[in-house]
C-alpha cells in the first residue's frame, strides 16, 4: 500500500497547491483582505495574466477562490468566510457573469 508524500514545508498538500498552482500566480495575501472587491480584482488580474490555466479566466479565478474556502475549512474565521463568499459575487460581476 502506497502512502502519499506530504508537502515538507507545511505538512499539507493544499498549501503546496495554493503556492505552486499551475493555474494562477496569486498576489501575496490575496485571501487575507477584508475587502471582497479587492479579492475579486486580484483574482481577475491573476487569471487574465496566466498563460498556464486550462479553463477560462473566470473558471480559474472562481476555482482558486472555492479551493481556498474549502481547504481552510473550520480554521477559517466566520468573518473571513463571509468576506470570501462575498468575493464570489464580486468576481462574477467583474467577469460580467452576474
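Rule-based calculations on the coordinates, nothing more; no lab input. Keep in mind the model is a prediction, meaning the values are calculated, not measured. When we count neighbours, we look across all protein chains shown, and the Cβ atoms used for this are built from the backbone with ideal geometry, even at glycine.
Once C-alpha pairs closer than 8 Å and six or more residues apart are averaged by separation and normalised to the residue number of region 32-94, the relative contact order reads 53 percent.
Between residue 70 and residue 48, the distance separating the two model label sites (each 7 Å from Cα on the Cα→Cβ line) works out to 2.7 nm. Sorting 67-77, 39-49 by average packing, meaning the other beta carbons within 10 Å per residue, from highest down gives 39-49, 67-77. In this calculation the C-beta distance from residue 27 to residue 78 is compared with R0 = 22 Å, giving a FRET efficiency of 0.35.
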